[in-house]
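Written out below as structure tokens is the structure these notes cover.
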Amino acid sequence: MPLAYNFAYLDEQSKKMIRRAILKALAIPGFQVPFGGREMPLPYGWGTGGIQLTASVIGPDDRLKVIDQGSDDTVNAISIKAFFKKTAGIAITEETRAATIIQTRHRIPETPLQKGQIMVFQVPIPEPLQFIEPKKSQTVKMHGFEEYGSMHVKLYEDIAKFGRIATAFDYPVQVHQRYIMSPSPIPKYDNPKLHQSPAIHLFGAGREKRIYAVPPFTDVVSLDFEDYPFELEQWDGACAVCGSQNSFLDEIITDDKGTRVFICSDTEYCRNNAGKSNP
Amino acid sequence: MRKGFDSEVFDSQTVFRHMLTAMAYPGTISGTGIDLFCPDRLHGAAGALLLTLLDFETPLWADMEENAPEIGWLQFHTGAPFTREEKKAKFALFTDCRTVMEPALFNPGTVASPDISTTLIIQTKGIDNDRQVRLTGPGIEKEVFLHIRGITLDFITNRMVLNQAYPTGIDMFFVHADQFVALPRTTKMELC
């Protein structure tokens, strides 16, 4: 049956426009490049920004991995994989090491990324200053003139109220000593993986029509204070499936009496790790 | 009219992926991944990069006459408007790198919109990794050495001055035959 779509769904002119935005995003790390976001055949919030990036980057030789909160098998990941299988006939993999492009909703894989790999992040709210200053016209100026004091005030208010910085995901970072950037709603546990990463990180926000990027080997610093340094989440136990103690854990309620276990959020890492300990 | 890409869809994707990798890892010399026969004065890589990125939204400036066959070929395949005003150009093509003196003549963008800036595509007499300039910055693990044959000292100095205005700036691709290398505005260049 002949393909009923252009390769990877988007028309060629839309891809050109997005490709130009990607190159500018890489040239200005952390800066949100506006682009003419297209209507995609799924609602905003389901990764329309990420899908447009993947569609503009992907070729017939690529191996695509899609994860949703670390899992290869949840509904968003499954439908995006089905979308690219149907519109581009693309090879799908669950292996982090084998993937050339990894589209992700809210996690960075535990397996270290390699040079040349492309991460595509789905971003709901690209503007880290939005909750401080809702006017786009103002946040553009704040970024332009590096007026970032209020971001630290927000973190300080957390310390004043809770005794610690309470932001656990979408934790703001400063990229290449210049732009403050939303790393997308990844847990702050994943923030250090962006710092000096060998891989290429692209971020797409479909509703807000913004593309931004972290090139490889770029400084990405989580905001903090000298006396309240950036800290990672910690767990008392290990993963109930694979026993990993170096992985981001999800809490799972197993019955209606409140019994709970913790398991790896990254399903591929967990499966490989379990295979290692119980061959 | 000479033909452009064999496949609009797959050739442009192949070339773009090479550009994306080149832009992500500045100073790394790359091929285009395709065979493309361009009119006389256009190097293969310059033609491939421009066919991949140009369209009706992107005014093109060049160090050639508007009625040159090379411009005609690019316009036929992309529909890009031609401009004589440096500041309005989205892309600028130099067929002779000795004439590139002052990148600041082009549009470096504004503090609010540094992305609305000109990208230069500069044909050179050769590119290799000999020690002419040392590159550091995002995308470079420690350092990369680059040798751009035919580029003037004035140009290198002027680029250093322009780079101090970051985040505004000019991004560049240097081309020779079917090879190219990217130098985004974040890449620091020092003479060896």
Quick one: is A:I125 touching a residue at least 40 places away in the same chain (Cβ under 8 Å), in contact with a Phe, Trp or Tyr (Cβ under 7 Å, 6 or more places away or on another chain) and more than 14 Å from every other protein chain (Cβ to nearest Cβ)?
-> no
Being part of a helix (DSSP H, G or I), within 14 Å of another protein chain (Cβ to nearest Cβ) and buried (at least 19 other Cβ atoms within 10 Å of the Cβ) is the filter here, so list the residues in the range A:143-197 that pass it.
-> A:H143, A:L194
Identify all residues within the range B:108-152 that are free of Cβ contacts under 8 Å to residues at least 24 places away in the same chain and not basic (K, R); write none if there are none.
-> B:A112, B:S113, B:D115, B:I116, B:D130, B:E141, B:E143, B:H147
Within the range A:33-61, the residues that are surrounded by fewer than 22 Cβ atoms within 10 Å (Cβ to Cβ) and of a type in the set (F, W, Y) are A:Y44, A:W46
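Okay, residues lined up against (1) of a type in the set (A, V, I, L, M, F, W, C); (2) within 24 Å of the chain's Cα centre (by Cα); (3) within 27 Å of B:V111 (Cβ to Cβ):
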position: A:I132; (1), (2), (3): yes, yes, yes
position: A:K135; (1), (2), (3): no, no, yes
position: A:Q138; (1), (2), (3): no, no, yes
position: A:K141; (1), (2), (3): no, no, yes
position: A:M151; (1), (2), (3): yes, yes, yes
position: A:F162; (1), (2), (3): yes, no, no
position: A:A166; (1), (2), (3): yes, yes, no
position: A:F169; (1), (2), (3): yes, yes, no
position: A:Y179; (1), (2), (3): no, yes, yes
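Among the listed residues B:L42, B:L74, B:L60, B:L54, identify the single one that is under 19 Å from A:S14 (Cβ atoms) and under 16 Å from the mean Cα position of the chain (by Cα).
After ruling out the rest, the residue left standing is B:L54.
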So which strands (runs of 3 or more DSSP E) stay within the range B:37-151 end to end and still have 2 or more residues that are touching a helix residue (DSSP H, G or I) at 6+ places or on another chain (Cβ under 8 Å) and surrounded by 15 or more Cβ atoms within 10 Å (Cβ to Cβ)?
-> B:60-62, B:91-94, B:119-123
With respect to the numbered conditions (1) touching a Cys at 6+ places or on another chain (Cβ under 9 Å); (2) of a type in the set (G, A, S); (3) over 29 Å from B:T157 (Cβ atoms), which one is the sole condition not fulfilled by B:A46?
-> (3)
Given the range B:152-192, what strands (runs of 3 or more DSSP E) lie entirely inside it while holding 3 or more residues that are within 14 Å of the chain's Cα centre (by Cα) and either acidic (D, E) or within 14 Å of another protein chain (Cβ to nearest Cβ) (or both)?
-> B:171-176, B:179-183
When A:L64 is run through (1) assigned to a loop (DSSP other than H, G, I, E, B); (2) surrounded by fewer than 24 Cβ atoms within 10 Å (Cβ to Cβ); (3) in contact with a strand residue (DSSP E or B) (Cβ under 9 Å, 6 or more places away or on another chain), the failure sits at (1)
Selected residue (criterion: nearest to B:G137 (Cα to Cα)) from residues of the range A:217-232 that are more than 14 Å from chain B (Cβ to nearest Cβ) and not charged (D, E, K, R) | A:S222
Test: A:Q52 is assigned to a strand (DSSP E or B), closer than 26 Å to A:I125 by Cβ and touching a residue at least 24 places away in the same chain (Cβ under 8 Å) | no
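Out of the residues in the range B:19-29 meeting the condition of being in contact with a strand residue (DSSP E or B) (Cβ under 6 Å, 6 or more places away or on another chain) and more than 9 Å from chain A (Cβ to nearest Cβ), tell me which one is surrounded by the fewest Cβ atoms within 10 Å (Cβ to Cβ).
So in the range B:19-29, the residues in contact with a strand residue (DSSP E or B) (Cβ under 6 Å, 6 or more places away or on another chain) come out as B:22-24, B:26-27, B:29.
Now restrict to residues that are more than 9 Å from chain A (Cβ to nearest Cβ): B:22, B:27, B:29.
Values: B:A22: 26, B:G27: 23, B:I29: 16.
Looking at the filtered set, the residue picked out is B:I29.
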Name every residue in the range B:110-142 that is within 11 Å of another protein chain (Cβ to nearest Cβ) and within 20 Å of B:S30 (Cβ to Cβ), in order of residue number.
-> B:T119, B:T136, B:G137, B:P138, B:G139, B:I140, B:E141, B:K142
Do we have any residue at all in the range A:238-248 that's within 19 Å of the chain's Cα centre (by Cα) and not assigned by TED's automatic domain parsing to the domain that holds A:A77?
-> yes
Of all residues in the range A:1-33 being hydrophobic (A, V, I, L, M, F, W, C), within 8 Å of another protein chain (Cβ to nearest Cβ) and over 21 Å from the mean Cα position of the chain (by Cα), the one that is farthest from B:A182 (Cα to Cα) | A:F7
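The values are calculated or read from the model by the stated rules, or taken from the named source; none is laboratory data. Predicted model only: the values in this text are computed from it and were never measured. Every residue, glycine as well, gets a Cβ built from its backbone with ideal geometry; the counts of neighbours run over all protein chains shown.
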